[in-house]
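What follows is a single structure, written as structure tokens, with notes after it.
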Amino acid sequence: MKTNFRKQVLVLLSFILVLSFSQVMGAENINFKKKKKVNTQQVIDTLKYNVYKGEIKNKETGEMLIFANISVNGSNVATVSNSDGEFLLKIAKNLDVKTITVSHIGYKNKEFAIASLKPRRNILELESAIIPLGEVNIYPHDPLFLVRSILNKVAENYSLDPNMMKGFYRETIKKNRTYVALSEAIVNINKTGYKQMRDDQVQIYKGRKSQDVKKMDTLLFKLQGGPNTTLLLDVIKNPYNLLSGDFIENYDYTFKNITKLNDKIHYVIEFKQKEGINLPLYYGLFYIDANNLALSSAKFSLNMENESEVRRMFIRKKPSGVKVTPLSADYIVNYQEKGGKWYFTYARGEIKFKCNWKRKLFNSKFSVMTEMAITDRTEGEASRFKAKERFKSNQVMADEIGNFSDENFWGASNTIEPDQSIEAAIKKLKRKGK
């Protein structure tokens, strides 16, 4: 049984964030080598869309709300706030829409008139959602039953039809507190139905990168799989060792509390691996819609207690003379309901490592992050991509895209507003690259 556990856990982790370490020779110069192959970029008339920037805050405390969802009512256009609570939203001027809705776990949904928004410095505030006990008629006495119900009701709650989605994808690498690499892309996604055996497909529409190899301590980090790995965080499509029937029995579940998400009452179920299981599994929270028992969000982290086993899971190869120790691995996935069905909308994974070199007094800490936000969705046009058009799981996105150049690179595409520290890092790298 342990062999089966190891195989299944490795399948999930090896695809979510694989890091390939290789020794870098002559890493004194910034790697701004341009690719020979340049993809033709579509020219977008910037006069055809409106851009809105701002922050999402807790009305009572002023706290920034990270990963809040901002959706344009009457369309499939959406984005999310970043880790600083900031957002950027682009709406085509010919789109007949009047309002947006902002939502976040534990807060009341709030609608805002688009006409009231300014191009910059919008402050959108949400109120905490207090759950009156009278609103809850059924209490979850058996949390394991609720978890099993998530998978039992997939056909009822999630789309069985394929969808074409457009998303914004970003991956970053930080050494200590400094960004040393950043890659971004607009991706087209063939999202298969939730009962189909086919895998989701990704196509890079356009992308850009910036990196400073000199600051990587002669370690070259490569994230294999890019946006494919982030799609695997869709735990309904890929239940593996979180929700599959074999693995459910390896966790203890407890009812934590009741909250609101998208103005819907949710049960919050806490889970952690059972005592006596040596293989690293997960701990975290499931947010389950109380009405239809759909999973609308999951936040989970890998149990890092078995250090040697965790190291085997993550490290594919490394230079001699360095000890690489994973410190943490944290993930989040969100879904949103529309028309009675739930759709994948956002996922993020972040893994932190410590690197100790022989004959060096100080160690270095690296943080690797990937995230994807679905910004548009089209039903009924889910054509499979040709083999040469697909981004494959063994590819490295930073090897497939060009460097930062045009400030208006994204045109009308919705992206995640960059953290200020990322913006500063990009400007610094661009100055050094001249």
*Could you please find all residues in the stretch 60-83 being over 17 Å from K338 (Cα atoms) and either surrounded by fewer than 22 Cβ atoms within 10 Å (Cβ to Cβ) or more than 15 Å from the chain's Cα centre (by Cα) (or both)?*
E60, T61, G62, E63, M64, L65, I66, F67, S83
*I100 passes all but one of (1) modelled with pLDDT under 95; (2) open to solvent by less than 80 Å² (accessible area, probe 1.4 Å); (3) closer than 30 Å to K59 by Cβ; which number fails?*
(1)
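Name the residues in the stretch 388-399 that are assigned to a loop (DSSP other than H, G, I, E, B) and either hydrophobic (A, V, I, L, M, F, W, C) or closer than 16 Å to I186 by Cβ (or both), would you? Quick ask: steps written out before the conclusion?
Restricting attention to the stretch 388-399, the residues satisfying the condition of being assigned to a loop (DSSP other than H, G, I, E, B) are 388-395.
E389, R390, F391, listed by residue number.
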*E86 versus (1) among the acidic types (D, E); (2) modelled with pLDDT of 95 or more; (3) surrounded by 14 or more Cβ atoms within 10 Å (Cβ to Cβ): which is the lone unmet condition?*
(2)
*Of the numbered conditions (1) touching a Lys or Arg at 6+ places or on another chain (Cβ under 8 Å); (2) modelled with pLDDT under 90; (3) β-branched (V, I, T), I173 fails exactly one; give the number of that condition.*
(1)
_Of all residues being in a loop (DSSP other than H, G, I, E, B) and in contact with a helix residue (DSSP H, G or I) (Cβ under 7 Å, 6 or more places away or on another chain) in the stretch 234-281, which is modelled with the lowest pLDDT? Just the residue, please._
L279
*Taking R177, is it crowded, with 20+ Cβ neighbours inside 10 Å and among the charged types (D, E, K, R)?*
no
*asked:* under 29 Å from E305 (Cβ atoms) and among the hydrophobic types (A, V, I, L, M, F, W, C): which single residue out of I401, I332 fits that description?
replied: I332
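Can you spot a residue in the stretch 372-387 that is part of a strand (DSSP E or B), closer than 30 Å to R311 by Cα and modelled with pLDDT of 85 or more? Talk me through it step by step, then tell me what you get.
Initially, the stretch 372-387 is screened for residues part of a strand (DSSP E or B), giving 372-379.
Narrowing further to those that are closer than 30 Å to R311 by Cα: 372-373.
Narrowing the set further to residues that are modelled with pLDDT of 85 or more leaves 372-373.
The answer is yes, given that some residue of the stretch 372-387 is part of a strand (DSSP E or B), closer than 30 Å to R311 by Cα and modelled with pLDDT of 85 or more.
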*Considering only residues of the stretch 117-127 that are within 25 Å of the chain's Cα centre (by Cα) and open to solvent by less than 50 Å² (accessible area, probe 1.4 Å), which is farthest from F87 (Cα to Cα)?*
L126
*Check off (1) at pLDDT 90 or above; (2) buried (at least 18 other Cβ atoms within 10 Å of the Cβ); (3) closer than 27 Å to E63 by Cα for I114 and give me the number that stays unchecked.*
(2)
*Of all residues in the stretch 339-352, which are surrounded by 14 or more Cβ atoms within 10 Å (Cβ to Cβ) and either more than 20 Å from the chain's Cα centre (by Cα) or modelled with pLDDT under 85 (or both)?*
K341
_Looking at the stretch 376-402, I want the residues that are touching a residue at least 40 places away in the same chain (Cβ under 8 Å) and have a partner that is open to solvent by less than 60 Å² (accessible area, probe 1.4 Å) and assigned to a loop (DSSP other than H, G, I, E, B) with Cβ atoms under 6 Å, at least 6 apart or on another chain. Which pairs are those?_
D376/N76; D376/V77; R377/N76; A382/P162; S393/G225; M397/G226
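The values are calculated or read from the model by the stated rules, or taken from the named source; none is laboratory data. Bear in mind that the values here come from a model prediction, so they are computed numbers and not experimental data. Reconstructed Cβ throughout: ideal geometry from the backbone, glycine too, with neighbour counts over all protein chains shown. Ligands, DNA and RNA are stripped out before the accessible areas are found, and what is left, the full protein with its side chains, is counted by its heavy atoms. Shrake-Rupley method; radii C 1.70, N 1.55, O 1.52, S 1.80 Å.
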